[in-house]
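Working notes, beginning with the structure itself.
The values are calculated or read from the model by the stated rules, or taken from the named source; none is laboratory data. Just so it is clear, the model here is predicted, and its values are computed rather than measured. A quick note on method: Cβ atoms are made from the backbone with ideal geometry, for glycine too, and the neighbour counts reach across all protein chains shown. Note: accessible area is taken over every heavy atom of the protein model, side chains too, but ligands, DNA and RNA are not part of it. Shrake-Rupley method; radii C 1.70, N 1.55, O 1.52, S 1.80 Å.
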Amino acid sequence: YSFSELLGDDKLHLLNSANGLDIPVGYTTSGGSTVEMQIGNTTPHYLVGGITGSGKSNFLHNMIMSACWNYSPEELEVYLLDFKEGVEFKIYADGKLPNAKLVAIEADTEYGVKVLEHIDRVREDRYKRFKKIPNCKDIQSYRALKPDEKMPRILVIIDEFQRLFENAQKASTAEQMLIIAKQGRACGIHMVLSTQTLKGLDFSDIATQFG
């Protein structure tokens, strides 16, 4: 199967993200059924792990391109942070990916923390918008009650995310990520974190939020 077959010319920007994201990422080895990455209430975030050469980067590229093909910028915004010396996400830094709100290549830890802080402010703003509307508690109900107002889902993809914790504010960084992991679900903010190893990281507090 080719990647263009997976996307399909007739599927460009057809999907609605109100109830979550269904992102085709490949095929099963038997029968050729489509494998979809489902991001929403059940599994709001994903952790991608594996040693060098195991296919993490290929998977991330498949996911990014598939997500941005199936969902328009009004339905999905992506933030891409590359802590692998910029080698993975630089292909998206030319402005041709309309869903991309941010492409950070050669990012340092301080900049990465600033991005997390921005994402957290978006979370707070969305909760404020929810509170102004009766019977509105999450992005699904907001989209149903305010169909004419824009509120895309947000996908934050961080390659080699463990680098974020190599700074003097390690504890506050972990707390920031924990808040986004726990409260991002209702606001339509999702994270996909990629790493070779969790060695040396205490991931236990937020592990239940990740698939």
Q.
Quick check on region 81-93. Is at least one of its residues without any contact (Cβ under 8 Å) to a residue 24 or more places away in the chain, in a loop (DSSP other than H, G, I, E, B), under 29 Å from Ala18 (Cα atoms) and not polar (S, T, N, Q)?
A. yes
Q) Can you tell me which residues in region 163-186 are under 21 Å from the mean Cα position of the chain (by Cα) and open to solvent by less than 40 Å² (accessible area, probe 1.4 Å)? A) Leu164, Phe165, Thr173, Gln176, Met177, Ile180, Ala181, Gly184, Ala186
Q. Quick one: how many residues across region 38-76 are surrounded by fewer than 20 Cβ atoms within 10 Å (Cβ to Cβ), part of a loop (DSSP other than H, G, I, E, B) and among the hydroxyl-bearing types (Ser, Thr, Tyr)?
A. 5
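If a residue must be on the phi < 0 side of the Ramachandran plot and open to solvent by 60 Å² or more (accessible area, probe 1.4 Å), how many such residues does region 10-21 contain? Don't jump to the end; show me each part of the working.
At the first step, the residues of region 10-21 found to be on the phi < 0 side of the Ramachandran plot are 10-12, 14-19, 21.
Going one step further and asking which of them are open to solvent by 60 Å² or more (accessible area, probe 1.4 Å), we end up with 10-12, 14-16, 19.
Here the count works out to 7.
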Q) Which one of these does Met151 not meet: (1) open to solvent by 40 Å² or more (accessible area, probe 1.4 Å); (2) closer than 26 Å to His61 by Cα? A) (1)
(Q) The conditions are (1) open to solvent by 30 Å² or more (accessible area, probe 1.4 Å); (2) closer than 17 Å to Ile158 by Cα, and Gly112 fails exactly one of them. Which is it? (A) (1)
Q: Could you please tell me which pairs satisfy a Cβ distance under 8 Å, a separation of 6+ or placement on different chains, a first residue in region 172-201 that is without any contact (Cβ under 8 Å) to a residue 40 or more places away in the chain, and a second residue that is assigned to a helix (DSSP H, G or I) and open to solvent by less than 10 Å² (accessible area, probe 1.4 Å)?
A: none
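Would you mind stating whether Ile139 is in contact with a helix residue (DSSP H, G or I) (Cβ under 9 Å, 6 or more places away or on another chain), of a type in the set (A, V, I, L, M) and open to solvent by 80 Å² or more (accessible area, probe 1.4 Å)? Give the steps one after another, and end with the answer.
Numbers: in contact with a helix residue (DSSP H, G or I) (Cβ under 9 Å, 6 or more places away or on another chain): yes; of a type in the set (A, V, I, L, M): yes; open to solvent by 80 Å² or more (accessible area, probe 1.4 Å): no.
Criteria not met by Ile139.
Only residues that are assigned to a strand (DSSP E or B) and either among the hydrophobic types (A, V, I, L, M, F, W, C) or out of contact with any helix residue (DSSP H, G or I) (no Cβ under 7 Å at 6 or more places or on another chain) (or both): list them for region 12-33, please. Don't jump to the end; show me each part of the working.
So the first thing to find is which residues in region 12-33 are assigned to a strand (DSSP E or B), and the list is 21-27.
If the condition is that a residue be assigned to a strand (DSSP E or B) and either among the hydrophobic types (A, V, I, L, M, F, W, C) or out of contact with any helix residue (DSSP H, G or I) (no Cβ under 7 Å at 6 or more places or on another chain) (or both), then Leu21, Asp22, Ile23, Val25, Tyr27 are the ones that fit.
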Q) Using beta carbons and a limit of 8 Å, which pairs, at least six apart or on different chains, have the first residue in region 24-38 and closer than 15 Å to Asn58 by Cα and the second one open to solvent by 20 Å² or more (accessible area, probe 1.4 Å) and among the small types (Gly, Ala, Ser)? A) Tyr27/Ser33
Q.
Pairs please, first residue from region 1-20 and under 12 Å from Leu76 (Cα atoms), second anywhere and assigned to a loop (DSSP other than H, G, I, E, B), Cβ atoms under 6 Å, 6+ apart in sequence or on different chains.
A. His13/Ser72; Leu15/Tyr71; Ser17/Tyr71; Ser17/Glu75; Gly20/Gly40
